[in-house]
1. What length, rounded to one decimal in nm, is gained on full extension from D451 through to F282, with 0.36 nm per residue of separation minus their alpha-carbon distance?
2. Amide H to amide H, which residues 5 or more places from L269 or on other chains are under 5 Å from it, using H placed in the peptide plane?
3. Please report, in debye to the nearest 20, how large the charge dipole of the chain is about its Cα centre when each Lys and Arg carries +1 at its beta carbon and each Asp and Glu carries -1 there.
4. With n ≥ 4 as the cut-off for DSSP H runs, can you work out [θ] at 222 nm for the chain, using -39500 (n - 2.57) per run divided by the number of residues, rounded to the nearest 500?
5. Magnitude of the Cβ-charge dipole of the stretch 54-178, K/R +1 and D/E -1, about the Cα centre, nearest 20 debye?
6. Please check which bits of the stretch 438-481 a label hung off Q53 would reach, taking the label as a point 7 Å along Cα-to-C-beta and the cut-off as backbone N under 14 Å.
7. Less than 13 Å apart at the alpha-carbon level, and either on another chain or at least 8 residues along: which aspartates and glutamates does that give for K398?
8. Are there GluC sites (Glu not before Pro) in the stretch 65-136 that DSSP marks as loop and that have at most 16 other Cβ atoms within 10 Å, and which are they?
Amino acid sequence: MLKKLCLLTLVFSCAYARKPTLSDNRGLRDEELPFYNFKIKDYVFGSLFPKPQEESKDSGKLMSVDPEAFSFTHSGEDSDVIQEALVRYKGLTFPDAEVGGADKNYPKITGLNVHITNAYKPMDFEMDESYNLVIDAPASSIEANTVWGALRGLETFSQAVYQNTSKQYYAHGNKIHDFPRFHHRGFLIDTSRHFVEIVVIEQFIDALAYAKYNVLHWHIVDADSFPFVSKTYPILHLQGAFNSTTHVYTPDDVQRVIEYGRFRGVRILPEFDTPGHTSSWFSIENLLTKCYSGGKPNGNLGPVDPTVESNYVFLKNFFKEVAEVFPDDYLHLGGDEVSFACWQSNPKIAQWMADHGMGKNYSLLEQYYEQRLLDIVGDLGKNYVIWQEVVDNQVKVKADTVVNIWRGHGDQWKAEVAGVTKKGYNVILSSPWYLNYISYAKDWPGYYKVDPQSFNGTDEQLALVIGGTACMWGEWVDGTNLISRTWARAFAVGERLWSAKNVNDVNEAGMRMWEHRCRYLVRGLPAENVIDSQYCRHEWMSHHSHRKVEL
């Protein structure tokens, strides 16, 4: 039988493995995707990423742009966000402003005016990011209801303007009506397993804005370390951080990240995951469960102990501080992967459960904890996002709770989403977009082909899918590779969450990704190559970071 199995394995390998090559001796390269035509001498055409919802491009109408004679102006409602954006986007639109000049053979665009209809309002989950962009000579325009839509329009305009090989700037005539398909377009970074410096987080926020993401899901603490500096409970970072002086995020650091995101239309969604993943919270007395062996404490600590009443006083005080520090309407409360083993070993917990009619059903204990926590956070005026285990375990949550789906390998996420939306909850999908998994050759087409509404559900269930969050977990990622490992692969998820459902041509997207990835290099971000055997006009060098426009 073993011989037959080995033979079948050999036959299968021969039939389905790719042909080894000198540079790929394992035969892992994905050759199902065609190579791009090597005869293409240039890739720069002012292509847009993500693709707008509606676009009327006049490829026959080419116009010239002179950076030195070009002005960015605004009308309508004013704010500090639009004022700084106009300065920032002049640098992003014309990274080589000293080169070029107008081409007298074509009509000349002399300016872009941004008109904002509504008064400034802080970002929220349903903020209006729509805009209308007209690219024409002598003047182009953006019309937006909100400053957040204006930011998206400015990004599109900056991409539409491009340099030819003589380094003069051009743009094609175009009329664009654009808006996101999904409200929530997030990306998770993990700063507990490896600390990430603030400057790198800021660069990551830039990268998000350039791809029209609007949420940084900041998985700020976990079992590995507690870098968040709490004024209420400073002992948490003093004992829980890798280094309580160098590897922490002070209140000023946190506000710096929040403001940096605000100026770019990126909300900061913090996650403080309990009752599991809390080993680094050990400094709070009696917070974590004492594990037992042979009827005696064995020195190990488990999840938060739900039976200790003083723990809810701590949680109320701590999350009150968190709610004041982070202005977003939502907090991510985690709730995933709670091991019952330590609870089961503790005789005091067993007695408490018996006294409260829970028997030996530890799911009821988890429900009890989660319900108490959700009530605390709700009373603070915050909405919450939770990992799916909370509702999987039948915890009663508010009707407008947002459930983050992370389970479901391959297409199994579809059943997970169907089950949660059937209960009537809003859903953020993460399962198929764990970008911390890496492979040889192109993996982004797999992310690109995922549609978060492609599950068996009613129209009402489909409408409950409010977007997605791609993830870069930090076990093997720190400041040296966070940006390069994420980008440009994350373009695929960004377009899926922004563009229309029928925008799904991998090859066409690949050509636009090529140009957009090269923009990231010029803008000072080391985005990894995602197109086989091609080039950028400005290849990456570490000193390219000087190109990044600071504001």
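None of the figures in this text is laboratory data; all of them are computed from the coordinates on show. All figures in this text were calculated on a predicted structure; none of them were measured in a lab. Don't worry about glycine lacking a Cβ; one is built from the backbone with ideal geometry, like all the others, and counts go over all protein chains shown.
1. 56.8 nm
2. Amide H neighbours of L269: L216, H217, W218.
3. Values: 55 positive and 69 negative charges, 303 e Å.
Value, rounded to 20: 1460 debye.
4. Values: 17 runs with 176 residues, N = 551.
About -9500 deg cm²/dmol.
5. Working: 10 positive and 20 negative charges, 110 e Å.
The calculation lands at about 520 debye.
6. Label zone hits: none.
7. The reachable aspartates and glutamates, counting only those whose Cα sits under 13 Å from K398, are E370, D375, D379.
8. Working: sites: E68, E77, E84, E98, E126, E129; in loops: E77, E98, E126, E129.
Of the GluC sites (Glu not before Pro), the ones in loops of the stretch 65-136 whose Cβ has at most 16 other Cβ atoms within 10 Å are E98, E126.
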